[in-house]
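The values are calculated or read from the model by the stated rules, or taken from the named source; none is laboratory data. Only a predicted model underlies this, so the values are computations on that prediction, with no experimental measurement involved. All Cβ positions, glycine included, derive from the backbone under ideal geometry; neighbour counts span all protein chains shown. The protein model used for the area step is the full one, side chains on, heavy atoms only, and it has no ligands, DNA or RNA in it. Shrake-Rupley method; radii C 1.70, N 1.55, O 1.52, S 1.80 Å.
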Amino acid sequence: MNVGAFKEISDHTIHTASIFQDHDSIAFAVVVFSLFKISLRVRDKKKFAKRVQSVLTRLKEDLQKGDARSYRLRIKKLFEKISDIDNKFKRYVDEVISHAQVKKGTKVYEHGVSIARAAEILGVSHWELMSYVGKTGIPERERVSETITQRMRFARRLFIA
Amino acid sequence: MPSSCIIFDTGPIISLTTNNLLWLLEPMKKKFGGEFYITPSVKKELVDVPLETKKFKFEALQVLDMIERGVLKIVDQKAVKDEGYKLMQIANQCFRARGKWLQLLQTAEMEVIAAALLYGAEAVMVDERTMRMIIEDPQDLKNVLESRLHMHIEINKNALSEIRKRTQEIRLLRSTELVMVAYELGLLDQFVGDIPHARKQLLQSVLWGLKIRGCSVTVDEIDEAVEYELKR
């Protein structure tokens, strides 16, 4: 199983999800990114690979049959299965999923969607996403429409008589 | 209806709270001499949602304190919700990719703009990039979308001109400008330490803090702001 490809697939999915914003693509991007992270830490890699592969095969079959209900159910159950590998692993899996949601939310924001909308799509809080976005270099790529001097001239008018 | 007011979006309150600067709102409101408002949707995101989780609960309580003490008041009018929804529909039909309108903004954000229009606000406090760009520089937002999505973006000129027409009177500010004015007013003087270049260090520290916690400001802007303040 090529775990490195997981990250690539997740990034590609979130790129498309930024346009279409459908919950299935977003959930899939979060799932795949989480699998990538978990695969780096899991002890029994063989067992993990077997379980993931079997679920992914079924997901593919669902999509080929056009069975969206079954697909969504399976995505939901995927992490329960992964957590079953090791009970102590459950908390880590929860953290990974939460981190994946924030990380993917940041990607959606990077594509031009507002923080509030990105938080809404990924089901994370505005607080969480904002704190994470600030640590990225995303604002550096933005053009400035007004200089600090211009903005301050206006701000001073409001607060300094 | 107040004689003058400023409407706050979620972002600047988050930036101020996570930097231990929320207390600045009270003296800044006194200096302003009007009201500081938030919408019910902004209150929900700032207070109600984090109170139901473990993360950011204490931050939410700090914001709640500001509301309970009347430093931040809540705009609660149906007209704000209705107008916000209309604005959101227009804003989310400005750009199209692969035949699909890009849903870039959320109703809560446009309710902030609607409240500003309804109350004739002096300014809207927004730390968020996309909302600022759609009002101040929509053409550049198109460029951002094209470069990030790697595809041609169609512009709906009618929707964009409608947004422009409705928001042309609105002036936007960020938490960075609010904090810079607070610095000029001496409200941060208690933090001028006994260290070399103490004032410069103080200003850099607060501006970088706001940036790192999500305010959309560039490094060049911070450098420009520090230079600008120290020259004054």
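Odds and ends about this structure:
- Projection of the Cα convex hull of region A:5-160, averaged over all directions and equal to a quarter of that hull's surface, yields 11.9 nm².
- Each part gets one Cα centre, and for region B:184-232 versus region B:56-75 those centres are 26 Å apart.
- Area hidden from solvent between A and B (accessible, protein heavy atoms only, 1.4 Å, total, Å²): 5200 Å²
- For chain B, the longest principal axis of the C-alpha atoms and the axis of helix B:107-119 are separated by about 80°.
- Extreme residue, positive dipole direction of region B:120-232, given options B:I195, B:L178, B:L230 (C-beta unit charges): B:L178
- With a 10 Å cut-off around each Cβ of B:212-221, the average count of Cβ atoms from other chains is 6.
- The protein assembly as shown - Debye-derived log10 I(q)/I(0), Cα point model, q = 0.12 Å⁻¹: -0.96
- Once all protein chains are placed together, B:W208 keeps about 90 Å² accessible to a 1.4 angstrom probe.
- Heavy-atom accessible surface of region A:5-160: percent carbon and sulfur, 1.4 Å: 51 percent
- Selected from A:T13, A:T136, A:T106 as most flexible by GNM, with chain A as the system and alpha-carbon contacts under 10 Å: A:T136
- Counting only DSSP H runs of at least 4 residues, each contributing -39500 (n - 2.57), and dividing by the residue count of the protein assembly as shown, the helix-based mean residue ellipticity at 222 nm comes to -20500 deg cm²/dmol.
- Dipole in debye (nearest 20) - chain B, about Cα centre, beta carbon charges: Lys, Arg +1; Asp, Glu -1: 520 debye
- Ranking B:M88, B:F32, B:I13 by how far each Cα lies toward the positive end of the dipole of region B:1-116 (charges on Cβ) leaves B:M88 at the top.
- Taking 23 Å as the straight-line reach from the Cα of B:K55, the lysines in range (excluding those fewer than 8 positions away in the same chain) are A:K37, A:K88, A:K90, A:K103, A:K104, A:K107, A:K135, B:K43, B:K44, B:K211.
- Within region B:170-208, the residues that become at least 50 Å² less accessible when every protein chain is included than when their own chain is isolated (1.4 Å probe; DNA, RNA and ligands ignored) are B:R171, B:L173, B:E177, B:V181.
- Averaged per residue, the protein assembly as shown has 46 square angstrom of accessible surface, using a 1.4 angstrom probe with ligands and nucleic acids left out.
- The residue list B:L141, A:L73, A:L129 was ranked by how far each Cα lies along the charge dipole of the protein assembly as shown toward its positive end, using unit charges on Cβ atoms, and A:L73 comes out on top.
- Note on region B:19-110: with charges restricted to the Cβ of Lys and Arg (+1) and Asp and Glu (-1), its dipole about the Cα centre is near 320 debye.
- Across A:Q21, A:Q64, A:Q150, mean-square fluctuation computed from a Gaussian network of chain A (C-alpha pairs under 10 Å connected) peaks at A:Q150.
- Size descriptors for chain B (Cα atoms only): Rg and Dmax, in that order, 18.5, 60 Å.
- Averaged over B:132-140, number of beta-carbon atoms from partner chains that fall within 10 Å: 3
- Of all DSSP beta bridges in chain B, antiparallel share, percent nearest 5: 25 percent
- Rounded tilt (10° steps) of B:78-91 against the dominant C-alpha axis of chain B: 70 degrees
- Most to least accessible of B:V192, B:V112 (protein chains only, probe 1.4 Å): B:V192, B:V112
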